[in-house]
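First the structure, in the form of structure tokens, and then the observations on it.
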């Protein structure tokens, strides 16, 4: 319930506000089948519900890895798969990868220490004309391929859509972008 309170303070607009109420009802009723459905469903309703999921951060990365039955190391082919899928979800041909997995854009996982690839998520910033549109597209990515999605269950990692307000980027970050095939 703490995550629901936190989200209520920052989420705006529909269907997000309505879906937070639905999450609260599912949790209050202890509706396990309903929770399972919205956490893993591929229907539009489930995807929209996951755009504001209060389940994020409830389990550690190790616990999620154990539940998913996957190793904890990200591979370059998984990064490529995440990029292709995120582009397909938002129907754009370009995006920006931020966070720890950016290193796989330059180096193969075999060239890196294990600690450099110890994440089961890829953080992606959609490219759009406004941060409002970027946030909308990031929510779409999160809903389809984010934490607890059927995408994560199938592939063993998730894609986190983030916007420019969420991503902490250094000065002159645009000059440091590295293209990825």
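The values are calculated or read from the model by the stated rules, or taken from the named source; none is laboratory data. Just so it is clear, the model here is predicted, and its values are computed rather than measured. Methodologically, a virtual Cβ is constructed for each residue, glycine included, from the backbone with ideal geometry; neighbour enumeration extends over all protein chains shown.
Tell me which residues, restricted to the range 71-95, are crowded, with 19+ Cβ neighbours inside 10 Å and within 15 Å of the chain's Cα centre (by Cα).
Result: 74, 78, 79, 82, 83, 86, 89, 90, 95.
Being under 11 Å from residue 161 (Cα atoms), in contact (Cβ under 8 Å) with a residue 40 or more places away in the chain and part of a helix (DSSP H, G or I) is the filter here, so list the residues in the range 115-137 that pass it.
Passing the criteria: only 137.
Name the residue that is nearest to residue 139 (Cα to Cα), counting only residues in the range 97-110 that are surrounded by fewer than 20 Cβ atoms within 10 Å (Cβ to Cβ) and under 17 Å from the mean Cα position of the chain (by Cα).
The extreme case among them is 98.
Of the conditions (1) surrounded by 16 or more Cβ atoms within 10 Å (Cβ to Cβ); (2) over 20 Å from residue 176 (Cβ atoms); (3) touching a helix residue (DSSP H, G or I) at 6+ places or on another chain (Cβ under 7 Å), residue 124 clears all except one; give me its number.
(2) is the only condition that residue 124 fails.
Only one residue in 104, 112, 169, 140 is outside the structural domain of residue 52 (by TED's automatic domain parsing), out of contact with any strand residue (DSSP E or B) (no Cβ under 6 Å at 6 or more places or on another chain) and without any contact (Cβ under 8 Å) to a residue 12 or more places away in the chain, so which one is that?
Only one candidate qualifies: 112.
Assuming residue 54 fulfils every condition listed in (1) touching a helix residue (DSSP H, G or I) at 6+ places or on another chain (Cβ under 6 Å); (2) at pLDDT 70 or above; (3) under 24 Å from residue 120 (Cα atoms); (4) assigned to a helix (DSSP H, G or I) apart from one, which condition is it?
With (1) touching a helix residue (DSSP H, G or I) at 6+ places or on another chain (Cβ under 6 Å); (2) at pLDDT 70 or above; (3) under 24 Å from residue 120 (Cα atoms); (4) assigned to a helix (DSSP H, G or I) applied to residue 54, the lone miss is (4).
Filter the range 19-44 for residues that are at pLDDT 85 or above and not in a helix (DSSP H, G or I) and give the result.
If the condition is that a residue be at pLDDT 85 or above and not in a helix (DSSP H, G or I), then 29 is the only one that fits.
Give me the residue from the range 138-166 that is within 20 Å of residue 93 (Cβ to Cβ) and part of a loop (DSSP other than H, G, I, E, B) and, out of that set, modelled with the highest pLDDT.
Among those that are within 20 Å of residue 93 (Cβ to Cβ) and part of a loop (DSSP other than H, G, I, E, B), it is 162.
What about residue 158, is it crowded, with 20+ Cβ neighbours inside 10 Å and touching a helix residue (DSSP H, G or I) at 6+ places or on another chain (Cβ under 8 Å)?
yes
Looking at the structure I just gave you, is residue 47 under 22 Å from residue 163 (Cα atoms), touching a helix residue (DSSP H, G or I) at 6+ places or on another chain (Cβ under 6 Å) and modelled with pLDDT under 75?
Taking the combined requirement at face value, the residue satisfies it.
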